[in-house]
Amino acid sequence: MMTKPTSLSVGRLASPSFTSLRQTYARYGVLAALIVLCIALSLATPYFMTLENWTDILRQTSINGILAIGMTYVVLTGGIDLSVGALLAFSGMVTAWLATGGGYPPAVAVLAGLGAGAALGAISGLLVARMAVPSFVATLGMLSAARGATYIYNDGMPVSDLPPGLLSIGGGQILHVPVPIVIFGVVIAVSWFVLRFTVYGRYIYAVGGNARSAKTSGIDTRKVYFAVYVISGLLAGLAGVLLAARTTAALPQAGVSYELDAIAAVVIGGTSLSGGTGTLGGTVVGALLIGVINNGLNLLGVSSYYQQVIKGVIIVGAVLLDSSRKKN
């Protein structure tokens, strides 16, 4: 005897395919959005799909992408780093000043800039890991302190006339590929290996997923928390060196609101703000999506004021998307 299917049984039969569709959307939705956006922009302006324009997009994305990768380490542990834009400016200023007024070789100046970013990141890490200061508060304080120190460093004046050895980092090429893009690729490869194949990478996911269980399992959670802020600071320092070398000067106001782009790239890429879930590939796609949006708005002549509004909408949308993922 055949029975008429009820609405409940129909819902149960449909749920596997719906779940599969939802999982596919969660995994490839951002990539699909990037492809659709590229198609739309290529139809809107013929300059978008040129090699020169895509080189500009990748060169700009390399700096924001490096910041976003550092942010990924922090967010995977359930934290946030609001200071990366200020650390970028401070590190760039230290590097430029040592290479010009200090008279040090470019290599020494670059190492000092990287060290400055890592050191300030370590202070945030100590506040979070040792003193249990919420990451939002610790890095917000670091943002203000580092930004102020950047203005004090050279009395609020930019540092220009950088030596050729330093400028080659921002304007040079390796096998016809701009150096910032090459460095971005190296950072992606190293971070992908660390997060996917090392014990430390597994510890980051474990701490972000459930810090108490990770601690019970013998993981030194304080070392994990401390290390992610050092990595974020180090990568912010690297981004600062690249930005100063590319723009031929270190500006004290550099990197303002860059932390928002980094956070947006991480969340858009699928990393949960509550930690424990996310991939580096998602962050890279998220950073590229933001880079394409910025480039497209400039090509279309959209006012910078409207661009800020659009970025704000994107960030709020990314957070809502993250909330939707957690509910599902």
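A few notes on this one:
- Fluctuation leader among GLY101, GLY85, GLY281 - the chain, Gaussian network, Cα springs under 10 angstrom: GLY101
- For the stretch 30-121, diffusion coefficient by Stokes-Einstein and Kirkwood Rh (Cα), 20 °C, 1.002 mPa s, µm²/s: 134 µm²/s
- Computed from the alpha carbon positions, the gyration tensor of the stretch 66-112 leads to an equivalent ellipsoid with semi-axes of 29, 10, 6 Å, biggest first.
- Size estimate for the chain follows the Kirkwood approach: the inverse of mean 1/r over distinct Cα pairs works out to 20.9 Å.
- Shape of the stretch 174-328, Cα gyration tensor, a/c cut at 1.5: oblate
- Accessible area, probe 1.4 Å, largest first, for residues TYR28, TYR305, TYR229: TYR305, TYR28, TYR229
- Based on alpha carbons, the Rg and Dmax found for the stretch 32-75 are 13.3, 39 Å.
- Translational diffusion coefficient of the stretch 248-313 (Stokes-Einstein, Kirkwood radius from Cα pairs, 25 °C, 0.890 mPa s): 187 µm²/s.
- Per residue, the accessible area of the stretch 92-248 comes to 49 Å² when a 1.4 Å probe rolls over the protein heavy atoms.
- Fraction of C-alpha pairs exceeding 15 angstrom in the stretch 157-221: 67 percent, rounded to a whole number.
- Distance between the stretch 91-158 and the stretch 260-316 - C-alpha centres, whole angstrom: 25 Å
- Debye log10 I(q)/I(0) for the stretch 101-236, one point scatterer per Cα, at q = 0.14, 0.17, 0.18 Å⁻¹: -0.84, -1.08, -1.14
- By accessible area, using a 1.4 Å probe on protein heavy atoms only, the chain has 68% of its surface on carbon and sulfur.
- Average projection, convex hull of the Cα set of the stretch 125-164: 4.2 square nanometres.
The values are calculated or read from the model by the stated rules, or taken from the named source; none is laboratory data. Quantities reported herein were computed from a predicted structural model and do not represent experimental measurements. Calculation scope for accessible area: heavy atoms of the full protein, side chains included, ligands and nucleic acids excluded. Shrake-Rupley method; radii C 1.70, N 1.55, O 1.52, S 1.80 Å.
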